[in-house]
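Down below is the structure, laid out as structure tokens.
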């Protein structure tokens, strides 16, 4: 019995030691894995994008109205009643074409019908009278608009008037033709400012061969203030502005963040010109840079290339 008891106790002890060894090894493995996870979490996840070389333009965005280069009201040569209207709104008429006839009969006297001719070549914008209406020499009968070329009329705030000069190119869009850009140039600036709005009237002339632009259309206008071909440009989101006016970015080099001071130029859309401090092709952090310190290790997601590659661990034999 003693030998049997001793064997049982030995077996129990062996089991206890095995269980203890398993638990100790499990704890050690968990600590190693936790240590590895801690090392991985030290890598700060950020988004980044490459600095590029591109053409840029500095523009001033405004709104205005499209008008015909010639807008003329038609008046009768004599008073009387409208006997006939020979045009309709939208009709094309040539200079000298008969557009109205006026019955100028007076009691006791008889006159031939007075003929009203179009003073210019253009389109009938609006008819302002009806047949049978009595009119005087000062009554406007219709509006004739020359739309072969048109003007965009804009008003510029006082702080911008010295940025805009005659001859500057302007890009015009209208709601009727989404995605289409009409091009023109500034040809006239008012000599004075409006006393109420403190704005200066500026006119842009542009050709209208297809008569697509109509008198009275609302227009969105971009005046091209300057053009910069082939400049180095960084995403606006990458740039940190300091209190003293300097600008900084975090450049990704060898998987780490390196703070760098840069000089900037014009900004267009989501890109800013970089005049010094960066080269085309360098990678800059665009999201998450606010909490970075120089030398931080990074887990980089490239916005212009897709998500980072996920490392896979090969299984080894048991």
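The values are calculated or read from the model by the stated rules, or taken from the named source; none is laboratory data. Given the structure is predicted, the values throughout are model-derived calculations rather than measurements. Cβ atoms come from the backbone with ideal geometry, glycine included; neighbour counts cover every protein chain shown.
Structural remarks
- Subset of the stretch 141-172 (residues that are surrounded by 14 or more Cβ atoms within 10 Å (Cβ to Cβ) and part of a loop (DSSP other than H, G, I, E, B)): 141, 164, 168
- Enumeration of residues in the stretch 173-203 that are without any contact (Cβ under 8 Å) to a residue 60 or more places away in the chain, buried (at least 16 other Cβ atoms within 10 Å of the Cβ) and either in a strand (DSSP E or B) or under 24 Å from the mean Cα position of the chain (by Cα) (or both): 182, 184, 186, 199, 200, 201, 202, 203
- Qualifying residue in the stretch 244-259 (condition: surrounded by 16 or more Cβ atoms within 10 Å (Cβ to Cβ), outside the structural domain of residue 175 (by TED's automatic domain parsing), closer than 27 Å to residue 42 by Cβ and touching a helix residue (DSSP H, G or I) at 6+ places or on another chain (Cβ under 6 Å)): yes
- Identity of the residue in the stretch 97-125, surrounded by 15 or more Cβ atoms within 10 Å (Cβ to Cβ), without any contact (Cβ under 8 Å) to a residue 40 or more places away in the chain and in a strand (DSSP E or B), that ends up nearest to the chain's Cα centre (by Cα): 124
- Every residue from the stretch 71-95 that is in a strand (DSSP E or B) and in contact (Cβ under 8 Å) with a residue 40 or more places away in the chain: 71, 72, 73, 74, 80, 81, 82, 83, 84, 85, 93
- Only listed residue being in the same structural domain as residue 213 (by TED's automatic domain parsing), touching a strand residue (DSSP E or B) at 6+ places or on another chain (Cβ under 8 Å) and modelled with pLDDT of 90 or more, chosen from 158, 83, 117: 158
- Of all residues making up the stretch 269-284, the number that are assigned to a loop (DSSP other than H, G, I, E, B) and either loosely packed, with under 13 Cβ neighbours inside 10 Å or in contact with a helix residue (DSSP H, G or I) (Cβ under 8 Å, 6 or more places away or on another chain) (or both): 4
- Among the criteria (1) surrounded by fewer than 17 Cβ atoms within 10 Å (Cβ to Cβ); (2) more than 28 Å from residue 184 (Cα to Cα), the one residue 49 does not fulfil is (1).
- The one condition in (1) part of a loop (DSSP other than H, G, I, E, B); (2) touching a strand residue (DSSP E or B) at 6+ places or on another chain (Cβ under 9 Å); (3) loosely packed, with under 15 Cβ neighbours inside 10 Å that residue 214 fails to fulfil: (3)
- Among residues of the stretch 52-82, those that are on the phi > 0 side of the Ramachandran plot and surrounded by fewer than 14 Cβ atoms within 10 Å (Cβ to Cβ), counted: 0
- The test for being closer than 30 Å to residue 225 by Cα and either modelled with pLDDT of 95 or more or out of contact with any strand residue (DSSP E or B) (no Cβ under 7 Å at 6 or more places or on another chain) (or both) holds for residue 284.
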